[in-house]
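A quick write-up on the structure given underneath.
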Amino acid sequence: MIVLGVIILVIGLITGISVLTTIGAVVAVAGVVLAILGGTGRKVGGRAHWF
């Protein structure tokens, strides 16, 4: 999710489409938050692991 967010963010910056930049930033931040919560051992969405 983090990688997808960064890819969308870069595409948005290159093409100048601000909507893609915003969506990419939101997806990347959400991926970081989920990674941090999963790394601390907390259940995210009722699941202990996402693999």
Ordered by packing density, taken as the mean number of other Cβ atoms within 10 Å over each peptide's residues, highest first, how do 11-19, 31-39 rank? 31-39, 11-19
For segment 21-33, Karplus-derived ³J(HN,Hα) couplings (6.51, -1.76, 1.60; θ = phi - 60°; whole Hz; x for glycine and proline) come out as 4, 5, 5, x, 5, 5, 5, 5, 5, 5, x, 5, 4
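The numbers here are math on the coordinates, done by the rules we state, and not lab data. Because the structure is predicted, anything quoted here is derived from the model rather than measured. All Cβ positions, even for glycine, are placed from backbone atoms using ideal geometry, and neighbour counts span all protein chains on display.
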